[in-house]
Amino acid sequence: MSLSSSTLRSAFLACVAALPLANAQEPIRIVFQNGRAVPLSAVSLQGDKLNVTTAAEGFNAGQSFPLSTADHIFGDKPSEINGAIALLLTDKPADAVKLLEPVLASQQITAAIPGNYWLEAARAALVAYAVSGNTTKCTDIGKAISDATPAQGNDPFVALGKALLLPISTPLADRETALRDLTTDNLPADVCAYASFFRAKLLKGAKNDKDALEGYLSVTGLFPSGGMVLNGAASFNAADILAAQGRRDEAVALLNSSVSHSAGTLVAAEANKRLESLK
């Protein structure tokens, strides 16, 4: 997939500033089909039953409900997820996993409920395990993700994990192709965004700044719904290339976009530092 020259030049302008909202987080609740909601912290999952373990909000301890009657999840995404994704995208996958594993444990029972946050955390963890070269962990969590989304068979993130696990001894062209093949329109935006980001990272490491810049701008220009922190990290890396080329104004615009998209994470902190250096 390629971008036109006009798209390449204007992609950084497509990143819409997303300022952080309220600091207080809404506790996560499981909402049933009848509209009633129970705090996630008050239930456990046994087989295909949700059991109330602590009396809360009109529910009594000991009540049990079929998992199939859970309609969706309500509440704010755990802040650790964005923080972990930022660490992952700034070459700190081990630190990302440390943040993600408690989230995976606490959100596990929601994995099959629409709107859950477990899937995003699990997919980020899969990427972190893959870039760390942990084949076993990557395979195990890939299976767990696929089990939670049975309608589509193997989750597309399984293929992403395999591409990222290719050893460094694999020819660069083969690794690049494996990632590029995961940036097609028939795949979910988050798969494409991650694949494009790591393809660009690979190309940047190979001193191919032209194609690396296109890859980073593809994240925000072609797959903006893949994730806010991904957009922020891609903008930051694209700005790094542009600044080295003397294209200061474009670099500054991208860094400001990076700060907005990744507010409260390491990516935003790094982008702010780079902005200071460009003054």
Fill in the blank from the handout: Relative to the chain, whose Cα atoms define the longest principal axis, helix 248-261 and its Cα axis are tilted in degrees, nearest 10, by 0 degrees
Practice task
Can you tell me the 0 to 90 degree angle between the C-alpha axis of helix 118-131 and the longest principal axis of the chain, rounded to 10?
Solution key: 40 degrees
Practice task
Pick out, from Asn60, Val131, Ala112, the residue whose Cα sits farthest towards the positive end of the charge dipole of the chain, with +1 on the Cβ of Lys and Arg and -1 on the Cβ of Asp and Glu.
Solution key: Val131
Exercise for the section: Determine the alpha carbon to alpha carbon distance for each of Lys92/Lys273; Lys98/Lys204; Lys137/Lys162; Lys204/Lys273; Lys162/Lys273 and list only those over 23 Å. Expected result: Lys98/Lys204; Lys162/Lys273
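Could you work out what % of the accessible surface of the chain is carbon and sulfur, using a 1.4 angstrom probe and leaving DNA, RNA and ligands out of the count?
Working: 7200 of 13280 Å².
Exposed carbon and sulfur together represent 54 percent of the surface.
Given the Cα-Cα distance of Ala173 and Asp48 and 0.36 nm per residue of separation, how much length would full extension add, in nm? Let's see the in-between values first.
Details: separation 125, 0.36 × 125 = 45.00 nm, distance 4.60 nm.
Full extension of this stretch gives 40.4 nm more.
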Problem - Acute angle (nearest 10 degrees) that the helix 228-244 long axis makes with the longest principal axis of the chain, alpha-carbon atoms - result: 10 degrees
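Can you show me the helix-derived [θ] at 222 nm for the chain, built from DSSP H runs with n ≥ 4 at -39,500 (n - 2.57) apiece and divided by the number of residues, rounded to the nearest 500. Intermediate results must be reported in sequence, preceding the final value.
On the way: 12 runs with 151 residues, N = 279.
About -17000 deg cm²/dmol.
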Completion exercise
Looking only at aspartates and glutamates whose Cα falls under 17 Å of Lys143's and that sit 8 or more positions away or on another chain, we get Glu101, Glu120, Asp155
Fill in the blank from the handout: Mean-square fluctuation maximum in Gaussian network of the chain, Cα pairs under 10 Å, restricted to Leu88, Leu255, Leu166, hits Leu166
Exercise for the section: For region 145-150, take each phi angle, set θ = phi - 60°, evaluate the Karplus expression 6.51 cos²θ - 1.76 cosθ + 1.60, and give the result in whole Hz per residue in order, putting x for glycine and proline. Expected result: 5, 5, 5, 7, 10, x
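The values are calculated or read from the model by the stated rules, or taken from the named source; none is laboratory data. For clarity, every value in this text was computed on a predicted model and none was experimentally measured. As a convention, Cβ positions derive from the backbone with ideal geometry for all residues, glycine included, and neighbour counts pool all protein chains shown. In case anyone asks, the SASA skips ligands and DNA or RNA and just uses the protein heavy atoms, side chains included. Shrake-Rupley method; radii C 1.70, N 1.55, O 1.52, S 1.80 Å.
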